[in-house]
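Asker: Here it is, the structure in full.
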Amino acid sequence: MKKYTYTEQKDTRSGFGAGLLEAGKRNPNVVALCADLVGSLKMEAFIKEFPERFIQTGIAEANMIGMAAGLTIGGKIPFTGTFANFSTGRVYDQIRQSVAYSDKNVKICASHAGLTLGEDGATHQILEDIGLMKMLPGMTVINPCDFNQTKAATIAIADYHGPVYLRFGRPVMPIFTDADQKFEIGKAWTVNEGKDVSIFATGHLVWEAIKAGEILESMGIDAEIINIHTIKPLDVEAVLKSVAKTRCVVTCEEHNRLGGLGDSIAQVLVQNDPIPQEYVAVNDSFGESGVPAQLMEKYGLNDVSIVKAVQKVMQRAGK
């Protein structure tokens, strides 16, 4: 198995902040809006550099989405920023009607997604946002895995025309992808090639999958690990190529098992190549307050849970 190491850890929301600044430097039409969470979204550097291209909407997320949609009519590329719960659940009607239905070039950028929001608890730990957003026609859904990939994704979506949902998080995570990477929307990244099982992971669970792969290697299991940073459009070709070799699948996500990455992979399999699949995801429940690492363990979203899922799916596959 290819070894991944890191010398630095940062939160993915800081990758967004760095990417937003760079996107602003490259394109004068990039503008930013925030619903009173500038510090949490790491937007300070952009605001300092381009104060005339920033709008503080206050705690008025629905208005923020409407304003962003309007700005696109004048050729602007608006990036909206708030917590994932408020970026999706609170403003779903505005996103559906004013952005998706109208095919507006709005970039909905959502921090503090999933259980790893931690102590703020279930009311803020949205685990349904990927499902909500991927069901909207024309919406691109991206969930990068570390600081560098989030920065690259933020820069890339500024050049992409159409509505985008970009999901990232609060906890400090290892930086293990290249700083100068080229982010390709809709193109999966093969973290490690293997022959025994396909592990498709997204967001924070990619690093957990890498750790699981090392454990599995010590058990004599050769895991293929693929980072699905773009959940929609899904890289169907990469999925089918991998499963043709391994014949069993584990999907990993910091999201409800209903409606997320796992269900997208399952649709591909049932239509093309039905084989055993196991989910590593939250099992149809809300979260709770707690330390992020403890929550990930309790809800089965870590390397140990991935190893168990691999063992189960390989047994089902007769391996």
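Quick note: the coordinates plus some simple rules give every number you see, no bench work behind them. Note that this is a predicted model, so its numbers are computed, not measured. Note that each Cβ is placed from the backbone with ideal geometry, even for glycine, and that neighbours are counted across all protein chains shown.
Asker: Per 0.36 nm of contour for each residue apart, how much would the distance between LEU258 and GLU237 grow if the chain were fully extended, relative to their Cα-Cα spacing?
Answerer: 5.3 nm
Asker: Rounded to the nearest 0.05, what FRET efficiency is calculated for LYS308 and LYS48 with R0 set to 51 Å and r the Cβ-Cβ distance?
Answerer: 0.60
Asker: Further, regarding this structure: Cα-Cα over 21 Å: which of LYS187/LYS245; LYS134/LYS298; LYS10/LYS104?
Answerer: Beyond 21 Å: LYS134/LYS298; LYS10/LYS104.
Asker: Pull up all non-local amide H partners of VAL141: gap of 5 or more, or a different chain, and H-to-H distance under 5 Å with H placed in the peptide plane.
Answerer: Placed amide hydrogens put TYR165, ILE231, LYS232 under 5 Å from VAL141.
Asker: Rounded to the nearest 5, what % of DSSP beta bridges with both residues in region 9-174 are antiparallel?
Answerer: Rounded to the nearest five, the antiparallel share is 15 percent.
Asker: Show me, for region 202-217, the HN-Hα J-couplings you get by feeding each phi into the Karplus relation (A = 6.51, B = -1.76, C = 1.60, θ = phi - 60°), rounded to Hz, glycine and proline as x.
Answerer: 9, x, 4, 6, 5, 5, 5, 5, 5, 5, 5, x, 5, 5, 4, 4
Asker: Here is a further query. Sequence-distant or interchain residues sharing an amide H contact under 5 Å with ALA188, placed H: which?
Answerer: ASP235
Asker: Further, regarding this structure: As a test, work out the antiparallel percent of DSSP beta bridges whose residues both lie in region 171-266, rounded to the nearest 5.
Answerer: Here the share of antiparallel DSSP bridges comes out near 25 percent.
Asker: Which net charge results when you count Lys and Arg as +1 and Asp and Glu as -1 among the other residues whose beta-carbon is under 12 Å from that of GLN294?
Answerer: Neighbour charge sum, excluding GLN294 itself: -2.
Asker: Per-residue HN-Hα couplings for region 60-66, Karplus 6.51 cos²θ - 1.76 cosθ + 1.60 at θ = phi - 60°, whole Hz, x for Gly and Pro?
Answerer: Per residue, the Karplus-derived 3J(HN,Hα) values read 8, 5, 4, 4, 4, 5, x Hz.
Asker: Would you mind checking the tilt of helix 261-272 against the longest principal axis of the Cα atoms of the chain, expressed as 0 to 90 degrees and rounded to 10?
Answerer: On a 0 to 90 degree scale, this one is about 60.
Asker: For ASP103, put the label point 7 Å out on the Cα→Cβ axis and report which residues of region 216-241 keep their amide N under 17 Å from it.
Answerer: Correct set: 233.
Asker: Let me ask something additional. What is the sum of charges, Lys and Arg at +1 and Asp and Glu at -1, for the other residues whose Cβ falls under 13 Å from the Cβ of ALA113?
Answerer: -3
Asker: Still on this structure, I have one more. Which net charge results for the neighbourhood of PRO233, defined as the other residues with beta-carbon distances under 13 angstrom from its beta-carbon, given Lys and Arg at +1 and Asp and Glu at -1?
Answerer: So the surrounding residues net to 0.
Asker: With the crude spin-label approximation of a point 7 Å out along Cα→Cβ, what separation in nm comes out for ARG26 versus ASP159?
Answerer: With each label point 7 Å from Cα toward Cβ, the separation is 0.5 nm.
Asker: In deg cm²/dmol, rounded to 500, what helix-only [θ] at 222 nm does the chain give when every DSSP H run of at least 4 residues adds -39500 (n - 2.57) and the total is split over its residues?
Answerer: Rounded to the nearest 500, the figure is -11000 deg cm²/dmol.
Asker: For a Förster distance of 41 Å, can you work out the FRET efficiency between the beta-carbons of LYS245 and ASP180, rounded to the nearest 0.05?
Answerer: Result of the calculation: an efficiency of 0.85.
Asker: Now for a separate question. On a full-extension model of 0.36 nm per residue, what is the gain between ILE59 and GLU217, subtracting their alpha-carbon distance, rounded to one decimal in nm?
Answerer: Working it through step by step, the gained length comes to 52.0 nm.
Asker: Any idea how far apart GLU119 and SER285 come out in nm if each label point goes 7 Å out from Cα toward Cβ?
Answerer: 2.3 nm
Asker: I need the phi-derived Karplus couplings for region 129-139: 6.51 cos²θ - 1.76 cosθ + 1.60, θ = phi - 60°, integer Hz, Gly and Pro marked x.
Answerer: Along region 129-139, the couplings run 5, 4, x, 4, 7, 6, 6, 7, x, x, 7 Hz.
Asker: If you wrap region 9-174's Cα atoms in a convex hull and average its projection over all directions, what's the area in nm²?
Answerer: 8.2 nm²
Asker: Take the Cβ-Cβ distance between LYS2 and GLN267 as r, set R0 to 41 Å, and report the resulting FRET efficiency rounded to the nearest 0.05.
Answerer: Once the sixth-power term is evaluated, E becomes 0.90.
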